[in-house]
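Worksheet: the structure to be examined is printed underneath.
The values are calculated or read from the model by the stated rules, or taken from the named source; none is laboratory data. Values in this document were obtained by computation on a predicted structure and should not be read as measured data. Cβ sites come from the backbone with ideal geometry, for glycine too, and all protein chains shown count toward neighbours.
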Amino acid sequence: MDYFRNIDWLELAKHLTIPIIILVFALVIGVTINSMLNRRIEQHLKNEESSIKTIFFNALKGVPISFCFVVGLYWVVSTSALPAGMVTFFSYILFTSIIFSMARVVERTLSGFIGLKFSGSSDASQSTLLDTILKVAVYASGLLIVLNYYGISIAPIITAMGVGGMAIAFGIKETMENIFAGLQILISKQIRVGDYIKLSTGDEGKVTDINWRFITVMPAHAGNVVVIPNKVIAESTSTNYSKPNDEIFVVVPVGVGYESDLEKVEQVTLEVAREMMIKVDGYEPNFDSEGVDRNPLAPYLRYNAFGDSSINFNIFMRVTNFKNQALLKHEFIKKLKRRFSAEGINIPYPTRTLVSYEEDLNIG
């Protein structure tokens, strides 16, 4: 308390008035320049696809404010007649602002580049795992540089982080396994945000996020999400329906009676399949001069077995949106049943024939 009583507040206010005015003026200029720069960037890049140029300019957003603030601080430290303690204090603020402004640009640039590399978009927030690790690494490095400038020895901190990190790693082994499994998934690029996957565990849906511990998957016809640990994803067999392209196969098994004309069955089934694909998924047939559909997504039929009471086949259809697969199958089955009935094609019930043999037993 005696320290504060001995301060000449009026004298201190005189010394601080000009520095405060300089800082406020610098911030106003920074906000103005930043606003003008943002408008120019949006106007220039609104029609461009994601690129390194786009990422870098987005990383520079807000930098003019920090830059002008740093210039104002430098002006204050260089020209104002402040006490030695205040000069040192402002020097610390100046250096800290420079380091964290640089860290911000580096983090945004790397985050955007990694997002472009692994997700096909400059929005790195699509994968919160890489985004979180990157932010921690960049800003932790900046913090160590600042502490070293303040005269605080960072060697004990680094040593403590190493020893403590090992102890924590042993204590949270399962969490660490999930983190490394998530990194493996991202680096391999076999599963990306937006892909539709199905696991051997039976879980399936669209990947909405790859986090540091788990992957969230949204099933095609559900309002909730399934949370799956990264370790489970890495250890299980998975099918990615979005690679090499986004089309998803819809397979419907069908059986017809042995008396059926198989050529007619194939013709009617394909007609129904095309009609339902047009209705549900916007499919566009491409018939050539011979009447053959040359569209790469064209449905096709394959007979596969002589069943107990029917000749069995599968009809293969594709959808461009994973949400349409169940609806396509639903509409196809209804329409095919009506067409088969109209065409006199029989879908037989399963039948069994029992044969009884009687043996005459001669006793005597």
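Have a look at Gly282, Gly205 and point out the one that is surrounded by 18 or more Cβ atoms within 10 Å (Cβ to Cβ) and on the phi > 0 side of the Ramachandran plot.
Answer to the check: Gly205.
Please work out which residue is surrounded by the most Cβ atoms within 10 Å (Cβ to Cβ), limiting yourself to the stretch 294-322 and to residues that are assigned to a strand (DSSP E or B) and either in contact (Cβ under 8 Å) with a residue 60 or more places away in the chain or on the phi > 0 side of the Ramachandran plot (or both).
That would be Met317.
Listed residues Phe332, Phe322; which is closer than 25 Å to Pro219 by Cβ and either at pLDDT 85 or above or touching a Pro at 6+ places or on another chain (Cβ under 6 Å) (or both)?
Phe332
Pull up the stretch 242-279, narrow it to residues that are at pLDDT below 80 and out of contact with any Lys or Arg (no Cβ under 7 Å at 6 or more places or on another chain), then point me to the one that is surrounded by the fewest Cβ atoms within 10 Å (Cβ to Cβ).
Among those that are at pLDDT below 80 and out of contact with any Lys or Arg (no Cβ under 7 Å at 6 or more places or on another chain), it is Pro244.
Out of everything in the stretch 294-339 that is of a type in the set (D, E, K, R) and over 26 Å from Glu259 (Cβ atoms), what residue ends up being farthest from the chain's Cα centre (by Cα)?
Once the filter is applied, the top-ranked residue is Arg294.
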